[in-house]
1. What's the Cα-based Rg to Rh of the chain, Rh via Kirkwood?
2. How about segment 64-116: which trypsin sites (Lys or Arg not before Pro) there are in a DSSP loop, with at most 14 other Cβ atoms within 10 Å of their Cβ?
3. Can you pull out the GluC sites (Glu not before Pro) in segment 32-116 that DSSP calls coil and that have at most 16 other Cβ atoms within 10 Å?
4. For segment 62-116, just the Cα atoms, rotate onto the principal axes and tell me the three extents in Å, largest first.
5. Between I17 and R72, what length comes free when the chain is fully extended (0.36 nm per residue of separation minus the Cα-Cα distance, one decimal in nm)?
6. If Rh is defined by the Kirkwood formula over all Cα pairs and Rg also comes from Cα, what ratio Rg/Rh do you get for segment 1-60?
7. Take each of the peptides 40-48, 19-27, average the number of other beta-carbon atoms within 10 Å over its residues, and list them starting from the highest.
8. Pairing the Cα long axis of helix 61-77 with the longest principal axis of the chain, what angle in degrees results, from 0 to 90 and rounded to the nearest 10?
Amino acid sequence: MLLMEKTIFKRIIDKEIPANIVYEDDDCLAFHDVNPQAPVHVLLIPKKEIASLNQLSEDDSVLLGHLFGVIRELTQKLGLENGYRVVVNCGDDGGQTVYHLHFHILGGRQLGWSPG
C-alpha cells in the first residue's frame, strides 16, 4: 500500500504546523498566507482532502456552498468592503503548488488584471 505524504495544508489542519488562523469550523479552516500577494491574503481550505477543483464530486456541493458562505463572512470580518478577489489555482498550468483544494482571498488594495 502506497502512503501519500501529507500536504502542508493537511498538516495545518492536524495542528502539526502553526498558522495564523482567522476562522475554523468542522468543515474548513482559514489562515493568513505566509507569502501574501496583497495587504489581505487569506487561504480557505476544506478539512476534507480534495486535491483540486477537478476532484470535486456532486457529494461536495453542500461543502462548496458552505465554503463560499464562509468567504462572504471572512471578507466582512477582514474589512474588505471595497472589494476582493477569490482565486483557485487548478493543476500545474493553473499555478497550483499544493494539491489540497484552497481558495485565495485577496484584498486591501486595488488589484490589477491580468493575474498571469
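1. 0.95
2. Taking segment 64-116 and a limit of 14 other Cβ atoms within 10 Å, the loop trypsin sites (Lys or Arg not before Pro) found are R109.
3. Details: sites: E49, E58, E73, E81; in loops: E49, E81.
Counting only loop positions with at most 16 other Cβ atoms within 10 Å, the GluC sites (Glu not before Pro) in segment 32-116 are E49, E81.
4. Largest first, segment 62-116 extends 32, 32, 13 Å along its Cα principal axes.
5. Extra length from I17 to R72 when fully extended: 17.2 nm.
6. 1.00
7. 40-48, 19-27
8. Between helix and principal axis, roughly 40 degrees.
The values are calculated or read from the model by the stated rules, or taken from the named source; none is laboratory data. All values derive from a computational prediction rather than experimental measurement. A quick note on method: Cβ atoms are made from the backbone with ideal geometry, for glycine too, and the neighbour counts reach across all protein chains shown. Only protein heavy atoms, including side chains, enter the accessible area calculation; ligands, DNA and RNA are left aside. Shrake-Rupley method; radii C 1.70, N 1.55, O 1.52, S 1.80 Å.
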